[in-house]
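Any read-out appearing in this document is the output of simple, stated calculations on the displayed coordinates, not a laboratory observation. Keep in mind that what you see is a predicted model, and the values were worked out from it rather than measured. Counting neighbours? That spans all protein chains shown, and the Cβs are built from the backbone with ideal geometry, glycine included.
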């Protein structure tokens, strides 16, 4: 039963990663790509962590996994912001149809 | 403690002292000169101590951490190591004294820590019996060398240092890959154990090729010498002296050591290839030196040519002849002394006239007789004229080449000597004449003149010390003796 | 089990091809920025490879140093490079022009490359399939080493002498960099509240992680180098967020921390040499805490050195003016 | 420990040490420098006299220091060695006096006298060398010590002359080095031995030995100015007159000739050389050089150049005497080593006086100079007559023994060479003497200096008079126990042809 | 052929690719990247071949060596980058020119 949930969560996570990657490759400009990447990564990673946490041997191991997710969220959000800001400051204009 | 020292452990001091001195000189920039000179003197004394110890008790062997090969790292010193340590101490002392007056405050603060760490790295290199440990020491030597080469921060110095860095890193990487292959072939990085275990398999051959190529690059063997002239010619004078006298010898020492211990019996053709490149280096380096209009470049090309002589040992040592490699050890020592003196002389001449154009030396012999005298004496050794260390080395090498009927080597050596005379006397000739544009001479501190002269005189005196030095070289009779030390 | 092996095998193959492809792109792409980004990706994949090769210690080091710090160094260098050269485009054009060599000079290196790969590959393949290396020796002596992580045992005990010299290499790199004089500051950034708050959160965490890695290194993957590089990363982050170090600290304390690692190593080596009669011969009972002491000092030094290397030129201090 | 083991070393040191001290002296310490120079020279003379007396009575003087594990640095005073040592010691003393006068007031004298002393040190070392490697050592030292003397004036011409000199001598040195190493390979020893050390060698090495002979002789021939290796000598006359005197009469050229004697007699052995068939070509080359040098001298207007080509010719008498390979010719050749030295140094001193006092450099400017400088020209006349071979000057003795020796050895053609050479000598010396003594004095000299009442400075006048008198004495008093001829006979008896 | 051997072969190839880049590419930054790639290749060879032991433990000695190597590599890279920047400041070019520059 736990295995089943794990697999489900992991697959869902993988799907988000896939979507994020497609977005990264297909979106027209930096800002939209960033959007796709961070959104997909944060959620995808969260799902994967959840899937793995179910398999963890101890509570502390699961805790570590969650900590990783927290750190990645923090870093991802900040870095995405910094990149976007840097791009704006350098005069990279958002894409318009 | 006294007992410990007299017992066995000068070798350890030789490594720890300069490293510690280097750290101290970094921490107390105000006292660099004092710390530096004290450290170098202590190192010189330790070399004497080690020599005394080796003469009485034979080879020195120390298992670091008490583990012993193959798990741990072994330190090892025999006649050849001692010889190289002597080179370090002698040249180091001479150049250190010179450097006291050469550098201004700011440069001195940057020079001494780098130089002391370089000295520590070199000592560690000559005492190591472990090919991976040798890699680490090579990196110390390389990075310190680059730092020193760029010390003056001039465009030319930076350019030279960059070339040197690229070459030395590439050389180290090739060497490291060779080490990886040897380790996985024999399960050890200890030289004596490798000598026992290695067989003639493809990985060993590949390692041989990689190690030879990497070390030849670091030693600036023709045609891998492309980086050397600029790097050595554009550095500050004491640094050029250290690089030409000590640093290129370090990688050659590893090659010689590995050859004598591990590779010599397993190589068909490689020895002749190295010998042929050595011959080409002698001729090419000398011809290039002859064409230079700048003194420092000329001296640097002379190094290329002189390194060529060293490589003649490989075809000759195939027969395992003590006389061949002892000749080369002698050449290393005398070249180190003579060449460091020459670079110091170049430093004096640049200080004096503000340039190093050979044709504009403008009666330097009148104004700086000691400096020009140093150049002449060093030149005698470089040319291989008697009485000098260079002559003894060349005599021994010629003897061995004739003994083995290697006329090609003999003829190249003769031509090399004549060409060396040509480029050295070209300089001396202009030192006597008046230049078209005469300049106001600038005084050169006495210490700088005398230290250059002392190094040159040492190169000459070597010509009379062959017997005791051969005795030292014979300690442990390097061929297959590291194994015997086990 | 079979399926997992096959999957892992496929994963390995995928990794191999990705790495090859990335390496080739790093070498061949015309845009330096792109090359650096690809190189960082290359480093991260390398970390994966180390995991696959059961070398978690290296994986940690590679992720922190190989990909992280080296990437940061490269990026900073590129930034400074572009700042030095007002017209990078022109330089790129000339370098592109220069990098269009004649056919033989393009083909010959390629041929050499193939030959080297073939030759060395042949050499590798003719190695015996099974070799124990030093595994038995390490196992035999582990009990005397004072730690439980074999890699730490090798690094700090069996081959501790290498590590001593390696600390010197690190210091030498910094000395040489400082000797070159100041480099241009990174292109100015407005102080940024998000970055600052990120620092406030991340730096303590990084220090914590560093301590953890240091402590755990005795028994599990980790140790001074990994801990030190995480500490270095914290330093880099601080520097990026516009952190200014006080003059007073730059003068003596910084130098002290920089030499701490190699200095403690040398002093302990000397003390052991006079008391135990051997270089770096730890008494078995004290080996554990001696190693911890060495590692702590090394961690501080490595962290400070790496951060200082990232900063570049010598920090201005009265001594060197 | 015995004094005899150190005296040869002291002889070398007695000029080395003053030389090294002089290098360090400031330019203006003329007095101290002069004292050092003369003290060294006198001490050397005393030591050499002691050794001559000892050797005459059959003592041995030998200094031996290890140079390589199996090769020693040997200084040994045999009769032949002392012969050359005595020549160079006496002439050094005389030349030093001359040089002090000649260079008065000119710059860089410390350097000059330093190298001057080194030069004599090297020459004495060459003479005393007891084996080939010691010989080589001092031979190369001689090259190095003479170079600064040749370029002393620091002009471009001087630099070029120096370069030419080096080009020849370094090349020659390389040849000798090669020959020496090879010889060592074949024999395992390099010790000079009466009648040679090669007689027991395996005949399969004979071709190699021939090549070694050629290498050694060619290397020595450079300094001995054997044709075609003489090119440097005429150029080197840009050097100051004392240097020319030293080069031509005492040091360089003589070292080469002396080396040839050593190689033929003490390395190969004269019978063995003759058996190898290498002496005859040497004789031919020497003969050719004699004629060639004289012919070239005939057409030189520059006085020093004429004298230089005369040296090319005269030094080959030594090689010729050696190559004829008979005892009497040997005596002739060896004694010419000293005779030519005395006569040629006289001539160069006189040429220097003419240049210093009157600014005369050319033969065509010498009309009537005999009346202006009678003493100088008297000495010159003695030297020139000696060169021609007119009795009773020393040169006659040499030529006589050479001729008789050639006849004894059945090499009659040598007589023709001697006669031809003497005629040519007449042809290039007699016109000088004639115009100097019998042509009218011109109104003014090119560049006249006055030195009080006498014709020139004492220090310049005395040396040529002394050497001229010695040349006369050597020709007149041949029967005295220590005359050059008697000593040459001792050499021939003891070293070359002992049973 | 097993997996470690494939990684070892990858190491060799990376070494060669790096060498190729080092020789062919002129920009110094690229050369520095090339040296790093070469280094990674060598580390791979060292570690991958250490997995040939029979037991469960891979050979830890190469691991230690590689960690040493990584630190050396980052040190050298930092120095090389700084040197490059200084060189560019002085000469204005991040390429080493072969033509001899006359500078007094």
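Computed from Cα positions, the angle between helix E:3-24 and the longest principal axis of chain E comes to roughly 10 degrees.
Normalised by the number of residues in chain D, the mean separation of alpha-carbon contacts (under 8 Å, six or more apart) gives a relative contact order of 14 percent.
The alpha carbons of segment D:37-104 give a radius of gyration and a Dmax of 15.0, 48 Å, in that order. Among C:302, B:211, the order by Cβ neighbours within 10 angstrom, fewest to most, reads B:211, C:302. Taking the alpha carbon gyration tensor of segment C:149-321, multiplying each eigenvalue by 5 and rooting it gives semi-axes of 32, 20, 11 Å, largest first.
Compactness of chain D was expressed as the Cα radius of gyration divided by 2.2 N^0.38 Å, which yields 0.92. Distance from the Cα centroid of segment D:31-72 to that of segment C:221-300 is 67 Å (rounded to whole angstrom). The alpha carbon centroids of segment D:165-195 and segment E:36-101 are separated by 52 Å. Report the paramagnetic label zone for residue D:271: residues of segment D:317-349 whose backbone N is under 14 Å from a point 7 Å from Cα along the Cα-to-Cβ axis. Correct set: D:326-327.
Projected onto planes of every orientation and averaged, the convex hull of the alpha-carbon atoms in segment D:61-202 covers 10.1 nm². Would you please give the FRET efficiency between residue C:219 and residue A:68, computed as 1/(1 + (r/R0)^6) with r the Cβ-Cβ distance and R0 = 22 Å, to the nearest 0.05? Calculated transfer efficiency: 0.55. The tail of the calculated P(r) for chain B, taken as Cα-Cα distances beyond 43 Å, holds 9 percent of the pairs.
Modelled spin-label separation between residue D:5 and residue D:462, with each label point placed 7 Å from Cα along the Cα-to-Cβ direction: 4.0 nm. Altogether, the Stokes-Einstein calculation at 25 °C and 0.890 mPa s, with the Kirkwood radius of segment B:269-403 over Cα pairs as Rh, returns a diffusion coefficient of 158 µm²/s. Taking only alpha carbon atoms, segment D:211-277 gives an Rg to Rh ratio of 1.08, where Rh is the Kirkwood radius. Scaling against 2.2 N^0.38 Å puts the C-alpha radius of gyration of segment D:285-499 at 1.06. The Cα-based radius of gyration of segment E:3-91, divided by its Kirkwood radius, gives an Rg/Rh of 1.11. Taking 25 °C and 0.890 mPa s as conditions, the protein assembly as shown diffuses translationally at an estimated 69 µm²/s according to Stokes-Einstein applied to its Kirkwood radius (Cα pairs). Annotation: the residues D:270, B:313, sorted from fewest to most other C-beta atoms within 10 Å of their own C-beta, follow the order D:270, B:313. Sorted largest first, the spans of the alpha carbon positions of chain C along the three principal axes are 64, 60, 37 Å. Computed from the Kirkwood radius of its Cα pairs, the Stokes-Einstein diffusion coefficient for segment A:2-89 at 20 °C and 1.002 mPa s stands at 156 µm²/s.
Spacing of the modelled spin labels on residue B:45 and residue D:65, each 7 Å from Cα toward Cβ, amounts to 3.0 nm. What angle do you read, to the nearest 10 degrees and between 0 and 90, between the alpha-carbon axis of helix D:7-24 and the longest principal axis of chain D? So the inclination is approximately 40 degrees. Cβ-to-Cβ counts within 10 Å put C:126, C:210, B:236 in ascending order as C:126, B:236, C:210, the fewest first. Spin-label pair residue D:53-residue D:486: with each label point 7 Å from Cα along the Cα-Cβ axis, the two points sit 1.5 nm from one another.
Across all directions, the average projected area of the convex hull around the alpha carbons of segment D:301-380 is 5.4 nm². Size descriptors for segment B:221-263, from the alpha-carbon set: Rg then Dmax equal 12.5, 38 Å.
Between helix D:279-298 and chain D there is an angle of about 10 degrees, using the helix long axis and the longest principal axis of the Cα atoms. Sequence-distant contacts, meaning Cα pairs under 8 Å at least 6 residues apart, place the relative contact order of segment C:149-321 at 35 percent.
Computed on segment B:130-207, the Cα convex hull volume stands at 69 Å³ per residue.
Pairs of C-alpha atoms in segment B:266-347 farther apart than 21 Å represent 34 percent of all such pairs.
Here residue C:108 and residue A:27 are evaluated by their C-beta separation; at R0 = 51 Å the FRET efficiency comes out at 0.75.
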